[in-house]
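The block underneath contains the structure these notes are about, expressed in structure tokens.
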Amino acid sequence: MAGGIAFSASYVLAQTAPPAPTGRGAVPVLPTIDVFATTPLAGTGVDIDKVPAAVTIIESKQIEQAKSPSIVEVLQQQTPSTDVQDVAGNPFQPDLFFRGFDASPVSGTPQGLAIYQNGMRINEAFGDTVNWDFIPTAAVRSIDVISNNPAFGLNALGGAVSMQMKDGFGFQGTSIDVMGGSYGRLQSSLQWGKVVGNYAAYIAIEGAKDNGYRDFSRSQIRRVYGDIGYKGDSAELHLSVGGADNFFGATAAAPAELLEQSWSSVYTTPQSSRNEVGYVHATATVNATPTWTLQGAAYFRSFYQSTIDGNSTDAQPCADPTLLCFNDTVTPANGLNGQQLANPFSPNATLGEIDRTTTQTNSVGTILQATNTDKTFGHDNHFVIGGSLDFGITNFASSAELGVIEPNYFTEGSGIFLGRSGNPVSDGPVSLRTTNAYAGLYILDTFDVTKEFSISGGGRLNVANIRLQDQLGGSLNGDDTFIHLDPLIGATYSINSSVTAYAGYSEANRAPTPLELGCADPVHPCILASFLVSDPPLKQVVARTLEAGLRGTHDYGDNVGTFGWKVGVFRTTNEDDILNIPSPFQQGFGYFQNVGATRRQGAEAEVNFKTGRYAIYASYAYIDATFLNALTLASNSPFADANGNIQVSPGNQIPMIPRQRLKMGGAYSLTDDLKIGADMLAVGAQYFAGDGSNQFEKLPAYAVVNAGASYQVNKNIQIYMRVENVLNNRYYTYGTFFDTTQIPNFGNGGAAFMDPRTLSPAQPRSIYAGLTATF
């Protein structure tokens, strides 16, 4: 059985589904999970009807149906309040937003979601970033998406995504999938699993290459995951290993005027990154008594990233043109030896710089948990107590090589490297060592007051210590500790056998990251993720969430079908939110700042209907994300004042969070072997990044249609086809502003740019075909 259109993986759907077309546009196989894990460790949980929050469960069949090398595509299809932005300019490195909170691979992005893999926290230690490209899609068994639960620890401001991986007990046999198509895309995956007595083994290997639909945007993915397990009468043990070695040409946003000339245009290149990871992970579950279960996990993870980023530069000829100055014609531009640099460049050259970074993190962690299901006062009760420790050491380094920006916007290096330059000093090499020590203790309890009415309560104590040590003797030193107790209370009520109501309140927090702490001084801005120069204090962010809703399922029998639905409202208020602020002193530089309170509130609704031959679904989400305080923020907006500032008023919308999202689709079985389907995603207009004053026109709304079909040749072979952006719509997923004066418009004879917008264009129509073989 195969499929692909994205139904929400809500438990309210039917327990069976017809075969569906593979690729975007097919019906998911219905989740069979009726117990929801309320902590990062799966294996024990509560009846999903007793979870006082909106939840989504996505199972392996639904993931397989998407036929995507990116797990983010699956999450976007399956969850109403998610949308994806292409900030990095590469389809393998997207930003995932859930209820207006971001989980991004882009350094400097405020991270508002906690992400776990088999109980292992995979938000990176240095910037809490999430490298989605490390996750082998084929090896993911299930995904839980939950809001309103502090048990998931730091960064769970908007919620958490918890992925459980496959093992040999759940997957036996061999599966091979090969797909290719537009823009040189070629991807393949191999899975194998086997059980021998009480032991089982599983391995998944994935690879993909893509030339990209924009210039200089080639990508290559290589990743592997394996698991060896033992299952006895009262215990289950697993040892898993994984790794990835990926390369990306990240083209980022480009000026609107260039995109009008060519949709594949880029601005200031090279922009590339290499991501590598290797990890070892062990888990254990022991049923100590009929009512006590003990669980534990431990991991070691090694992460390496190197980036190359061509940019404009503040280095320029001095009043004496034989020398180089920085940011004006007087302040010296220094070399690595601290001496002013001579000017070897042609008077007509457009100067730029190639910024390079390396990040090496080794992290270890453990989580222990005990679950008890003894009755309390004669009533069913589910009690969990657990604790976690995560420790990481990061070595970060950066450098800046001066060069010349060519007419194709490629920066040719000169071999001349900048030392500490500027007044204030804001450029030059960095060598930084950071340590993260995170500890958490959580307690959760769900008590059945009656058969229909359950209450939940608990909380988590988070302690985060972050240390910065400047390896070059500069000012990047600090030792900060953040402590917060995050409570949870909620209730569910089964109105009847088909309808459940829920309501809950919770708090969550995130500590400033080493990256944010190292770049928090407006007087000493930095090229974010490249040059860290100062360590002023930042406050931790605390989110308070209140939500309520209804969910239900109605089975009308085999002759009619099953109808499922859910509707909910939520409000999350962030105290001392942290934003990335562009510097008014230097283009391309910025810093982090606490900006007071912000709020994200809205409503979600979803309906779906399944019968023997077809299925349809629709979901809608409204998210109102606003500032709650009057603020003065630095910005490159054309409405900024002479000092480079904009005035934000209470009630202004937070940029790049669209208010409206609509998803719908369906699939139909023409025969038992031939299936077709399609889906549509519509996203409302949103303000440009940097337009917190809401004065500039919005980034336009867009809609995109995708389709898929599959044919089951025999019981072992299936062929399929998918078409993305069927109507070939041209739209943008991200927009911000840039300094129109720094680099000429080479595409217009070297004239100055007139349009301040810089945009991330969406992928044009793309056609793929593939084959799946199972044995």
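Some notes on this structure:
- Index of the failed condition, ALA66 passing every other in (1) open to solvent by less than 10 Å² (accessible area, probe 1.4 Å); (2) modelled with pLDDT of 85 or more: (2)
- Flag if ARG730 is among the charged types (D, E, K, R), part of a strand (DSSP E or B) and in contact (Cβ under 8 Å) with a residue 60 or more places away in the chain: no
- ALA543 being at pLDDT 85 or above, within 26 Å of the chain's Cα centre (by Cα) and within 22 Å of LEU662 (Cα to Cα): no
- When residues of segment 217-261 are limited to those that are out of contact with any strand residue (DSSP E or B) (no Cβ under 7 Å at 6 or more places or on another chain) and free of Cβ contacts under 8 Å to residues at least 60 places away in the same chain, the one nearest to VAL196 (Cα to Cα): GLY232
- Residue within segment 379-395 that is in a loop (DSSP other than H, G, I, E, B), open to solvent by 20 Å² or more (accessible area, probe 1.4 Å) and among the aliphatic types (A, V, I, L, M) present: no
- Residue match in segment 622-641 (condition: open to solvent by less than 10 Å² (accessible area, probe 1.4 Å), closer than 15 Å to ASP83 by Cα and out of contact with any helix residue (DSSP H, G or I) (no Cβ under 7 Å at 6 or more places or on another chain)): yes
- Residue within segment 77-84 that is closer than 19 Å to ILE221 by Cα and either under 15 Å from the mean Cα position of the chain (by Cα) or basic (Lys, Arg) (or both) present: no
Conditions tested, residue by residue: (1) among the basic types (Lys, Arg); (2) touching a residue at least 60 places away in the same chain (Cβ under 8 Å); (3) open to solvent by less than 10 Å² (accessible area, probe 1.4 Å).
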| site | (1), (2), (3) |
| --- | --- |
| GLU59 | no, yes, no |
| THR79 | no, yes, yes |
| GLN111 | no, yes, yes |
| ILE115 | no, no, yes |
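- Scope segment 277-299; condition in a strand (DSSP E or B) and of a type in the set (Ser, Thr, Tyr); matching residues: TYR279, THR283, THR285, THR293, TYR299
- Tallying residues that are touching a Phe, Trp or Tyr at 6+ places or on another chain (Cβ under 7 Å) and open to solvent by less than 10 Å² (accessible area, probe 1.4 Å) within segment 683-698 yields 3.
- Filtering segment 344-366 for residues that are under 30 Å from LEU461 (Cα atoms), aliphatic (A, V, I, L, M), at pLDDT 95 or above and surrounded by 17 or more Cβ atoms within 10 Å (Cβ to Cβ) leaves an empty set.
- ALA315 falls short on exactly one of the conditions (1) open to solvent by less than 30 Å² (accessible area, probe 1.4 Å); (2) at pLDDT 95 or above, and that condition is (2).
- Flag for PRO761 being open to solvent by 10 Å² or more (accessible area, probe 1.4 Å) and either within 30 Å of GLU406 (Cα to Cα) or basic (Lys, Arg) (or both): no
- Check on ILE657, part of a strand (DSSP E or B) and either closer than 20 Å to ASN580 by Cα or open to solvent by 10 Å² or more (accessible area, probe 1.4 Å) (or both): no
- For segment 565-590, the set of residues classified as of a type in the set (Phe, Trp, Tyr) and either in contact with a helix residue (DSSP H, G or I) (Cβ under 8 Å, 6 or more places away or on another chain) or at pLDDT 95 or above (or both) consists of PHE570 only.
- The set of residues from segment 273-285 being open to solvent by 30 Å² or more (accessible area, probe 1.4 Å) and either in contact (Cβ under 8 Å) with a residue 60 or more places away in the chain or among the small types (Gly, Ala, Ser) (or both) comprises ALA282, THR283, ALA284, THR285.
- Comparison of VAL84, VAL106 shows that the only residue that is open to solvent by 10 Å² or more (accessible area, probe 1.4 Å), farther than 27 Å from LEU441 by Cα and in a strand (DSSP E or B) is VAL84.
Matching residues to (1) of a type in the set (A, V, I, L, M, F, W, C); (2) under 30 Å from THR371 (Cα atoms):
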residue: LYS67; (1), (2): no, no
residue: PHE92; (1), (2): yes, no
residue: PHE134; (1), (2): yes, no
residue: LEU154; (1), (2): yes, yes
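- Search result, residues across segment 546-571 that are open to solvent by less than 50 Å² (accessible area, probe 1.4 Å), within 24 Å of the chain's Cα centre (by Cα) and either more than 23 Å from ALA156 (Cα to Cα) or not aromatic (Phe, Trp, Tyr) (or both): GLU547, GLY568
- Residue ranges of strands (runs of 3 or more DSSP E) in segment 396-475 with at least 2 members charged (D, E, K, R): 430-448, 453-470
- You will find that of ILE393, ILE405, the residue that is farther than 30 Å from ILE122 by Cβ and among the hydrophobic types (A, V, I, L, M, F, W, C) is ILE405 and no other.
- Residues that are within 30 Å of PRO514 (Cβ to Cβ), at pLDDT 95 or above, of a type in the set (Val, Ile, Thr) and open to solvent by 60 Å² or more (accessible area, probe 1.4 Å) are absent from segment 321-339 altogether.
- Residues located in segment 247-272, provided they are closer than 12 Å to GLN305 by Cβ and surrounded by fewer than 22 Cβ atoms within 10 Å (Cβ to Cβ): PHE247, SER272
- Identity of the residue in segment 610-654, part of a loop (DSSP other than H, G, I, E, B) and touching a residue at least 60 places away in the same chain (Cβ under 8 Å), that ends up nearest to the chain's Cα centre (by Cα): ILE654
The values are calculated or read from the model by the stated rules, or taken from the named source; none is laboratory data. Keep in mind that this is a model prediction, so the values were computed, not measured. For neighbour counting, all protein chains shown are included, and Cβ atoms are generated from backbone atoms with ideal geometry for every residue, glycine included. Only protein heavy atoms, including side chains, enter the accessible area calculation; ligands, DNA and RNA are left aside. Shrake-Rupley method; radii C 1.70, N 1.55, O 1.52, S 1.80 Å.
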